[in-house]
Amino acid sequence: MPLVTTKEMFEKAYNGGYAIGAFNVNNMEIIQGITEAAQQLNAPLILQVSKGARAYANHTYLMKLVEAAVQETGLPIALHLDHGDTFELCKSCIDGGFTSVMIDASSKSFEDNISLTRQVVDYAHDHGVVVEAELGTLAGIEDEVNISSEDSSYTRPEDVQEFVERTQCDSLAIAIGTSHGAFKFKPGTNPKLRLDILEEVEKRLPGFPIVLHGSSSVPQEFVDTINAHGGNMSGAIGVPEDQLREAARRAVCKINIDSDLRLAMTASVRKCLDEHPDQFDPRKYLGPARDAIRDMVMHKIVDVLGCDGKA
């Protein structure tokens, strides 16, 4: 089975009341852990690559790893560019075999966002590729995305219909209270999704797939493990998973997960090297890290996304 676009995935997800997991990938072990989980649960899958991951791992290497995952699993897998910030980057990924790209012009004015998004859409659609756009800005840090809480803003529901009609994008990432990275909230506060905004967006765009970025839950067990083995993380709070599951029952068809994978992997590696300081065989610590990612993804597929058995 070749790589697929997200069009059919999202149609099924919207009608079925579940979401597809979009998991960020950087190397072989991460891809293996994610795809092993999806294969065991027969779940559709989006593997996404950021600008930073593409620079780190090399486009060709990542493409071959993803192609191997498709061959090994037989699953419907889409390959997506996460947070593309220029037309040139999106074009390069489209020309290089990606089946989906995101153009993130959310930091620009409304009109400039529309203009750049439409430019990417026109090129992508001519090449059979789908486009995700973004309205509103999320706080937090992910690769080159760095937005302070003061500069973040919720998506305005009154803007979404005009934006989608003028850009002809295929899905839309909105800001309703999620955040990038292991974002540190003020003591005593907890993130809460603005499901009222989501409901209003759904009314204005019935049947249209919505995307949530920054949707890791930041499990405390991984933070504690990292801290117990030489780390220094504190105050990291994620999005409550019950709220994400509720969003997936509505119009949200794609939920991005990255920080939880990094935490699971880092906690496993730190624990292994701390307990076995003489270990120098990468297979001995990357193998368990891969298993930790697999277990994390299986939990997300079943308990948060609800897409098990939907491939």
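Summary of computed values
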{"quantity": "Fraction of accessible area attributable to carbon and sulfur, the chain (%, probe 1.4 Å)", "calculated": "48 percent"}
{"quantity": "Theoretical gain in end-to-end length, ASP95 to GLU246 [0.36 nm per residue, Cα-Cα removed]", "calculated": "50.7 nm"}
{"quantity": "Segment GLU165-ARG204, extension gain: residue separation times 0.36 nm, minus the distance between their alpha carbons", "calculated": "12.9 nm"}
{"quantity": "Solvent-accessible area per residue, Å², over segment 1-112 with all protein chains present [probe radius 1.4 Å]", "calculated": "40 Å²"}
{"quantity": "The chain: most fluctuating residue of LEU261, LEU286, LEU198 per GNM, C-alpha cutoff 10 Å", "calculated": "LEU286"}
{"quantity": "Selected from PHE208, PHE163, PHE280 as most flexible by GNM, with the chain as the system and alpha-carbon contacts under 10 Å", "calculated": "PHE280"}
{"quantity": "Distance between modelled label sites at GLU72 and ARG283, nm, 7 Å Cα→Cβ extension", "calculated": "1.4 nm"}
{"quantity": "Efficiency of FRET between SER107 and GLU221 - r from beta-carbon atoms, R0 30 angstrom, step 0.05", "calculated": "0.30"}
{"quantity": "Antiparallel bridges, percent of DSSP beta bridges restricted to the chain (to nearest 5)", "calculated": "15 percent"}
{"quantity": "Neighbourhood charge, 13 Å Cβ-Cβ cut-off, centred on ALA311 and excluding it, Lys, Arg +1 and Asp, Glu -1", "calculated": "0"}
{"quantity": "Dipole axis of the chain (+1 Lys, Arg; -1 Asp, Glu on Cβ), positive-most option in SER115, VAL252, ALA175", "calculated": "VAL252"}
{"quantity": "Dipole in debye (nearest 20) - the chain, about Cα centre, beta carbon charges: Lys, Arg +1; Asp, Glu -1", "calculated": "360 debye"}
{"quantity": "For TYR285, solvent-accessible area (1.4 Å; no DNA, RNA or ligand), Å²", "calculated": "50 Å²"}
{"quantity": "Total charge dipole magnitude, segment 209-311, about the Cα centre, Cβ charges on Lys, Arg, Asp, Glu only, Debye to nearest 20", "calculated": "440 debye"}
{"quantity": "Max mean-square fluctuation residue, GNM over the chain, Cα-Cα springs under 10 Å, options ARG250, ARG283, ARG204", "calculated": "ARG283"}
{"quantity": "Cross-link pairs LYS7/LYS91; LYS108/LYS254; LYS284/LYS310; LYS108/LYS300 - those with Cα-Cα distance over 30 Å", "calculated": "LYS284/LYS310; LYS108/LYS300"}
{"quantity": "Whether segment 1-103 is rounded, prolate or oblate, judged on the alpha carbon gyration tensor where a/c under 1.5 counts as rounded", "calculated": "oblate"}
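The values are calculated or read from the model by the stated rules, or taken from the named source; none is laboratory data. The model shown is predicted, which means the values in this text are computed figures rather than measured ones. Don't worry about glycine lacking a Cβ; one is built from the backbone with ideal geometry, like all the others, and counts go over all protein chains shown. Side chains included, ligands, DNA and RNA excluded: accessible areas come from the protein's heavy atoms. Shrake-Rupley method; radii C 1.70, N 1.55, O 1.52, S 1.80 Å.
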